[in-house]
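The values are calculated or read from the model by the stated rules, or taken from the named source; none is laboratory data. Nothing here was measured: the structure is a model prediction, and the numbers come from that model. Neighbour counts are summed over all protein chains in view; Cβ atoms, including those assigned to glycine, are modelled from backbone coordinates with ideal geometry.
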Amino acid sequence: MLLRPVRKKLKLLIGKKMRTEDFNYDLPESFIANDPVVPRDSSKLMLVDTSLTKVFHHQFSDIKNYLRPGDVLVLNRSRVIPARIVFDLDGNEREIFLLRKISSDVYQVLVRPGRVFKIGFTFVLGDNVNCSVEKVLEDGTRHIKFLSDNLEADLEDLGEVPLPPYIKGSKASFDQYQTVYAQEKGSVAAPTAGLHFTKSLLDDFTSKGVQVEEVLLHVGRGTFLPVSSEDISDHLMHSEFYTMSSEVADRLNAAVSEGRRIIAVGTTSVRVLESVYDSNEGFVAGSGETDIFIYPGNYKWKVVNGLVTNFHLPKSSLIMLVASFLESKGVENSVERILEMYELAKSEDYRFYSFGDAMFIF
């Protein structure tokens, strides 16, 4: 497949409204991956070389042949928590979905059914986790206080793997919905581009002289939800907690000053890198919340040179981000091009979404 010729100068579509429907496409359920491949790096890889304006097909492990000594590969080390808690209350099934930790004993959560979880409602999970609804937010989520002697361990025992609703009948273990480099707990969905990496593949990178760095972004449920507004600019982007250490910032700044490529593994790593980079100061270490929303025509990319990503849901902010990245690489009509690539992926029997195959765009 040939891409449109690379432009000599990037022109953003300032003033042109982008419609959410522009990012819609049809995907039969047969293309949705319900289980991961084994080993992880045996998944398919669509290689998008924007300098050659060509697309190639590989196995994911072949990505090492397209990374250069000195490249910096940036991973998101966040670890998924067992966020879905289904329990019986007076003979009826109820559900709590942990979204984010507010304090040591308070979480923002989704609940089902909402009419039960009113302010002041108290109940017990398991044998010893006492719960009370502290607040009802405008979006329908709740703040619930959980009290026990060992809260984190108790919630992990009570929780289930928070697989996305489009994954049906999966036999995947919790570990398979976790990257091999996951560390800090806090995500309610996996940073799925990282699921393709094995420890041996990462070792191959470092042996080749590829620099591997880690940042942290706790993935929220909103990451994978479709954009509902007709006009993309009306969409209210979710915020997510991130961290970049001073040591990582220093090494990334050195790489940029030396002209080496910064390659983000996943859109979550992109959100950190593009959020903390300042055109005057470079990467600025710190922690905070980012609600950065990247889509074609509205965003000038600062620092990411390459992107490893999965195939995303129609009308999601993720497919919009990938189209914007193509635009930043000089690809004409990036929205049309990304949809053409998705159609090509279907014709080549690629697997889509969380447990699906990957793209490497550079």
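Reported count of residues in the range 144-163, each being within 25 Å of the chain's Cα centre (by Cα), surrounded by fewer than 18 Cβ atoms within 10 Å (Cβ to Cβ) and not in a helix (DSSP H, G or I), is 1. Going by what's in this entry, would L3 be described as modelled with pLDDT of 95 or more and surrounded by 15 or more Cβ atoms within 10 Å (Cβ to Cβ)? So L3 fails the test.
Picking from residues in the range 288-304 that are over 16 Å from S233 (Cβ atoms), within 18 Å of the chain's Cα centre (by Cα) and of a type outside the set (A, V, I, L, M, F, W, C), the one that is surrounded by the most Cβ atoms within 10 Å (Cβ to Cβ) is T290. Only one entry of G114, G120, G91, G169 meets the criterion of being among the small types (G, A, S), more than 27 Å from S354 (Cβ to Cβ) and in contact (Cβ under 8 Å) with a residue 12 or more places away in the chain, and that entry is G120. Within the range 23-62, the set of residues being among the acidic types (D, E), touching a Ser or Thr at 6+ places or on another chain (Cβ under 9 Å) and surrounded by 14 or more Cβ atoms within 10 Å (Cβ to Cβ) comprises just one member, D41. Here I63 fulfils each of the conditions (1) of a type in the set (V, I, T); (2) within 24 Å of S187 (Cα to Cα); (3) at pLDDT 95 or above apart from (2). Just checking, how many residues over the range 164-180 are within 15 Å of the chain's Cα centre (by Cα) and more than 19 Å from L99 (Cβ to Cβ)? Adding up the residues that qualify gives 1.
Listed by first and then second residue, the pairs linking a residue in the range 175-197 that is under 18 Å from R351 (Cα atoms) to a residue that is small (G, A, S), with Cβ atoms under 6 Å apart and 6 or more places separating them unless they lie on different chains, are Y177/A190; P191/G266; T192/S354; A193/G266; G194/G266; H196/S43; H196/A358.
Among the candidates V188, V210, the residue that is closer than 20 Å to T268 by Cα and assigned by TED's automatic domain parsing to the domain that holds N65 is uniquely V188.
Condition check for L273 on (1) touching a Phe, Trp or Tyr at 6+ places or on another chain (Cβ under 7 Å); (2) surrounded by 18 or more Cβ atoms within 10 Å (Cβ to Cβ): one failure, at (1). Apart from one condition, F360 fits all of (1) farther than 30 Å from S245 by Cβ; (2) hydrophobic (A, V, I, L, M, F, W, C); (3) under 19 Å from the mean Cα position of the chain (by Cα); (4) not in a loop (DSSP other than H, G, I, E, B); the exception is (1). Residues in the range 131-166 that are among the basic types (K, R) and touching a residue at least 24 places away in the same chain (Cβ under 8 Å) were compared, and the one that is nearest to A190 (Cα to Cα) is R142. Counting only strands (runs of 3 or more DSSP E) wholly contained in the range 198-293, the ones carrying 1 or more residues that are at pLDDT 95 or above, within 30 Å of A83 (Cα to Cα) and polar (S, T, N, Q) occupy 240-244, 286-290.
Restricting L313, L326, L321, L307 to residues that are in the same structural domain as I262 (by TED's automatic domain parsing), part of a strand (DSSP E or B) and within 20 Å of the chain's Cα centre (by Cα) narrows the list to L307. If you go through the range 223-232 one residue at a time, do you hit one that is buried (at least 18 other Cβ atoms within 10 Å of the Cβ), within 21 Å of I102 (Cβ to Cβ) and within 13 Å of the chain's Cα centre (by Cα)? Scanning the range 223-232 turns up at least one residue that is buried (at least 18 other Cβ atoms within 10 Å of the Cβ), within 21 Å of I102 (Cβ to Cβ) and within 13 Å of the chain's Cα centre (by Cα).
Answer yes or no as to whether V256 is touching a residue at least 40 places away in the same chain (Cβ under 8 Å), in the same structural domain as H218 (by TED's automatic domain parsing), closer than 16 Å to I361 by Cα and among the aliphatic types (A, V, I, L, M). Spelling it out, it is not the case that V256 is touching a residue at least 40 places away in the same chain (Cβ under 8 Å), in the same structural domain as H218 (by TED's automatic domain parsing), closer than 16 Å to I361 by Cα and among the aliphatic types (A, V, I, L, M).
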